[in-house]
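Structure first, then comments.
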Amino acid sequence: MDVALFIPCYVDQLAPQVGLASVALLERMGCRIHFDRAQTCCGQPFVTTGARAQAARLAERHLRIFGGKDAVVCPSASCVATVRHRYGDLLGEAEARALAARTFELGEFLVRVLNRSDVGARFPHRVALLECCHGLRELELGWPSERVTRPTHAGVTETLLRGVAGLELCEVARRDECCGFGGAFSLEYPELSGRIGRAKLAALAQSGAEFVTGTDVSCLLHLDGVRRREGAGPRVLHLAQVLNSRESA
């Protein structure tokens, strides 16, 4: 399958290794990767701060670059959620719906499109899953605690992690609470953001995890900043890096 790789700006600037891991993983699954260097921000920061005109310009550019592609895959649940749930207001429902139907978060693409729950990865470590808010509630990659009906199967991200050889998935108390990043929230309310982040990191550490992984680099970078300041806690790795690992025991 031909895949257009959609790389968020913070991955490009702050964690390019996540983009490279995504490429390696998708190529191992038999995909042909196309990367358009003209791509820029999807507009999420402008949407969340109410700058609609600026967000619309970026959405229109995104549509020109990715419209008509067979599949658009992105290692960021929040950016995919922006395309899927915010572009209708910015571009019009018809164009946005067509683009949204072909835009997938990386793990979602592996499980729901390629039907792969085991990607041949090996990572012999104790790992906790950070249930990122956008992926959990807007993309339904997992099951939020407020859901009334009990799920009969694991979420997308958990399914992939359970398919990694040697990986021990640690249980986290109050697993779906926010990490405290929240994009502009962390800038407007830094003290509160920090307090939430410290509480989340403590819960992840109490699970016994060596590493914490998730679908959003932004959330992971936030927790890594807290970890560095606190001097303790599990190290962060994006889902793509864990799934691309072939580490020996």
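The values are calculated or read from the model by the stated rules, or taken from the named source; none is laboratory data. This one's a predicted model, so the numbers in the text were calculated from it and none came from an experiment. With ideal geometry, Cβ positions are generated from the backbone for all residues, glycine too; neighbour counts draw on all protein chains shown. When the accessible area is computed, the model is the full protein with side chains, heavy atoms only, and any ligands, DNA or RNA have been set aside. Shrake-Rupley method; radii C 1.70, N 1.55, O 1.52, S 1.80 Å.
Determine whether Val47 is open to solvent by less than 10 Å² (accessible area, probe 1.4 Å), β-branched (Val, Ile, Thr), touching a helix residue (DSSP H, G or I) at 6+ places or on another chain (Cβ under 8 Å) and in contact (Cβ under 8 Å) with a residue 24 or more places away in the chain. Don't jump to the end; show me each part of the working.
Working: open to solvent by less than 10 Å² (accessible area, probe 1.4 Å): no; β-branched (Val, Ile, Thr): yes; touching a helix residue (DSSP H, G or I) at 6+ places or on another chain (Cβ under 8 Å): yes; in contact (Cβ under 8 Å) with a residue 24 or more places away in the chain: yes.
Considered against the rule, which asks whether it is open to solvent by less than 10 Å² (accessible area, probe 1.4 Å), β-branched (Val, Ile, Thr), touching a helix residue (DSSP H, G or I) at 6+ places or on another chain (Cβ under 8 Å) and in contact (Cβ under 8 Å) with a residue 24 or more places away in the chain, Val47 comes out as no.
Against the condition outside any helix (DSSP H, G or I), farther than 17 Å from Gly135 by Cα, in contact with a Leu (Cβ under 9 Å, 6 or more places away or on another chain) and open to solvent by less than 10 Å² (accessible area, probe 1.4 Å), how does Val3 come out, does it pass? Step through it out loud before you land on a result.
Details: outside any helix (DSSP H, G or I): yes; farther than 17 Å from Gly135 by Cα: yes; in contact with a Leu (Cβ under 9 Å, 6 or more places away or on another chain): yes; open to solvent by less than 10 Å² (accessible area, probe 1.4 Å): yes.
The answer is yes for Val3.
Condition test on Arg235, is it of a type outside the set (S, T, N, Q), over 17 Å from the mean Cα position of the chain (by Cα) and open to solvent by 60 Å² or more (accessible area, probe 1.4 Å)? Here the answer is no, as Arg235 does not meet what is asked.
Would you confirm, using the coordinates I've provided, whether Gly50 is at pLDDT below 95, more than 21 Å from the chain's Cα centre (by Cα) and either farther than 23 Å from Gly182 by Cβ or not in a loop (DSSP other than H, G, I, E, B) (or both)? Here the answer is no, as Gly50 does not meet what is asked.
Just the residues that are of a type in the set (Val, Ile, Thr) and touching a Leu at 6+ places or on another chain (Cβ under 6 Å), please, taken from segment 193-235. Even if it seems obvious, please write down each step before you answer.
Filtering segment 193-235 for residues of a type in the set (Val, Ile, Thr) gives 196, 212-213, 215, 217, 226.
Selection gives Val212, Thr213, Thr215, Val226.
Considering segment 153-225, the qualifying helices (runs of 4 or more DSSP H), each wholly inside and each with 2 or more residues that are within 22 Å of Ala121 (Cβ to Cβ) and modelled with pLDDT of 95 or more, run over 156-162.
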